[in-house]
Every structure is written in C-alpha cells, then in structure tokens.
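Encoded as structure tokens, the structure appears first; notes follow it.
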Amino acid sequence: MSVETWTSELESKGSVVFAPRRGRLAVRLAGFGLLMVLSAWTNVDHLRADGISGALGVLRLTALAAFVYGTGLTVYQLVANRPVITVDSEGITRGRSLRWSAITSIDEPSGWPLARAVQVNPADRRTRPISIPQDNVEDLEALARWLRELLEEHRD
C-alpha cells in the first residue's frame, strides 16, 4: 500500500490496520522448517556416530533449539495472524497502545536487510518502544515518513 492509500483509509475508516504479510511469513516458515529438519538430521547422525558431546554437540543442539523456536513462532504468527499494528487518531497500537502525545520520535528503518523495522519511541523511558517490522509493512521508509507527518499533526 502507498502513503495515499494509508491516508485515505485513515480519513475514511478512522484507522489503518497493518496485518502480517502472509507471503513473507510463509517464506520464513519454509526457511526455518528446512533448517530445523536439516539440523535435526545432523544431530541424529552425530548422536549415532559418537554421541553428542563437546562444543560442537552443544552448538548443534543450540542451533536446533533456535530453529524450532523460529518455526514455532512463525507458525503461531500465521495461525493467529499476529502481530497486527493499528494506526488511528489516538496513536499506534501493537498489542499495547502508545498515544500520539506519548511519542517522542519515530526512527528511520534499521536492522538486517531482511529483518528491518521502524521504532516508535515513547516519552516515558520506562515504556518499551513499539517496533513495526517488515513482516507488516513492505515500504518502511514511506511508513516512517507518514508516521512522522501524523505525529507532527497531533503535536499542533
């Protein structure tokens, strides 16, 4: 979607909902699933050969645990269709809300090339920032500019 689409949806419906991009999650699920299966296979081979011991054995088990976690999290996100980000006249919501008046800044997209996110920073340092990932919005640069414009409008 484009900035114009987001703006018109916000004006007409009162909010813009960014649901998870299911195609992106499906690709991630395939990747984690493949890595999980390969890791389990190498762990079983290693166990049959000489048992799992030493640093290599620990690293193999740790990798398997990480791939199981990634696969499980992605399955959950696909089934539950979460996290959903909502932008409305009150503020930004991702499981919890941050009112426009409680937002100090909106950062430029940052992170690894396939795992970038826009961070929305709260005024209260005890409150965690809200992160909006590429899993929900493809064009993070446009989203960051649009959110900054909305923040300026709500400050006036």
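Just one residue in the set R94, R60 is at pLDDT below 95, surrounded by 15 or more Cβ atoms within 10 Å (Cβ to Cβ) and over 19 Å from L29 (Cα atoms); that residue is R60.
Condition (residue is of a type in the set (V, I, T), closer than 30 Å to S15 by Cβ and modelled with pLDDT of 95 or more) applied to the range 35-44: is it met by at least one residue? Before you say what the answer is, go through the steps one by one.
Initially, the range 35-44 is screened for residues of a type in the set (V, I, T), giving 37, 42, 44.
Going one step further and asking which of them are closer than 30 Å to S15 by Cβ, we end up with none.
No, that holds for no residue.
Annotation note: of S105, S101, S97, S110, the sole residue that is over 21 Å from R22 (Cα atoms), of a type in the set (S, T, N, Q) and in contact with a Gly (Cβ under 7 Å, 6 or more places away or on another chain) is S97. Each residue in the range 104-148 was checked for being surrounded by 13 or more Cβ atoms within 10 Å (Cβ to Cβ) and closer than 18 Å to T7 by Cα, and 13 pass.
The values are calculated or read from the model by the stated rules, or taken from the named source; none is laboratory data. What you see is a predicted model, and the numbers here were worked out from it, not measured in a lab. Glycine gets a Cβ as well: all are built from the backbone with ideal geometry, and neighbour counts include every protein chain shown.
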